[in-house]
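J.: Okay, handing you the structure first.
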2 protein chains.
Amino acid sequence: MGLIKTEMFTDNQNAIALIAKAFGHPARVAIIQHLFKINTCVCGDLVNEIGLAQPTISQHLKELKALGLIKGTVEGTSVCYCIHPENWKNMKNLINTFLNADDKNLNKCC
Amino acid sequence: MGLIKTEMFTDNQNAIALIAKAFGHPARVAIIQHLFKINTCVCGDLVNEIGLAQPTISQHLKELKALGLIKGTVEGTSVCYCIHPENWKNMKNLINTFLNADDKNLNKCC
DNA sequence: TTTATTAATCGTAACATTGCGATAAACAAA
DNA sequence: TTTGTTTATCGCAATGTTACGATTAATAAA
């Protein structure tokens, strides 16, 4: 086997899992954190910033882009990446709703 | 290759990635959601609730337990699972800090 | 003790992810 | 056009994940 049975779960559950998976690798966490720190677009220097090879970084960027969390604009020979504001906000809502489903009754437990 | 280069990243980045990975599968999302919905412990019926085989559910529970997000107490022949309140709160703080690193300057972008 | 019930573990096949060298593609500058 | 610079894609080896049948372990009930 080894393949996730997506059809058994709700769209909500699958969506949350997809987002979480994107954050499930420290390199992608580092990329996002750097994009926030730099405060504007990053043109190129992500490979120097994070210690992985250029094809590896490119692959991680591709995944984040495919999910819509970041966007890249071509700027000459280099590409500028930054957070996609609206999509990031929507993603945050989705995750927050999931994480805060408790609040009232977290201690009614064994 | 195929192995994550954990030593290249900060403890914070690795911790976030580990948590995210736990939520990176719809079955584990479903388990957590069901634990919240039921509002108390779940004794046994997780296998019926979610459509996967018993060993598969057991494996997912083990992962969530290893991270400290849930706890299980033996109750006769069955085991009762519920969210681990303190650890869940700490986890939420970690994730929220990561997700809200923006807020001011999300639109200063290309 | 024997039998049932429930959950964990083992073993393994199918599939996915990670990382990077090699290469290609796209563009700017000379 | 040629050369340099930067990013994307290909291909593949190493490792990780997922799912489940078979089995074991633990406890309860008969």
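The values are calculated or read from the model by the stated rules, or taken from the named source; none is laboratory data. Remember, predicted model here, so these are calculated numbers, not experimental data. Reconstructed Cβ throughout: ideal geometry from the backbone, glycine too, with neighbour counts over all protein chains shown.
J.: Working only within the range B:44-100, note down all residues that are part of a strand (DSSP E or B) and surrounded by fewer than 15 Cβ atoms within 10 Å (Cβ to Cβ).
T.: B:THR73, B:VAL74, B:GLU75, B:SER78
J.: Going by the conditions given, is B:GLY24 surrounded by fewer than 21 Cβ atoms within 10 Å (Cβ to Cβ) and either of a type in the set (Phe, Trp, Tyr) or outside any helix (DSSP H, G or I) (or both)? Step through it out loud before you land on a result.
T.: Numbers: surrounded by fewer than 21 Cβ atoms within 10 Å (Cβ to Cβ): no; either of a type in the set (Phe, Trp, Tyr) or outside any helix (DSSP H, G or I) (or both): yes.
No, not satisfied.
J.: Here is a check on your reading of the model: is B:ASP45 modelled with pLDDT of 95 or more and away from DNA strand D (no atom under 12 Å from the Cβ)?
T.: no
J.: From the residues in the range B:6-21 that are within 15 Å of DNA strand D (Cβ to nearest atom) and more than 7 Å from every other protein chain (Cβ to nearest Cβ), which one is surrounded by the most Cβ atoms within 10 Å (Cβ to Cβ)?
T.: Of everything passing the filter in the range B:6-21, B:ILE19 is surrounded by the most Cβ atoms within 10 Å (Cβ to Cβ).
J.: Quick test for you: out of B:LEU67, B:LEU61, B:LEU99, pick the one residue that is within 30 Å of A:LYS89 (Cβ to Cβ), at pLDDT 95 or above and within 16 Å of DNA strand D (Cβ to nearest atom).
T.: The conditions single out B:LEU67.
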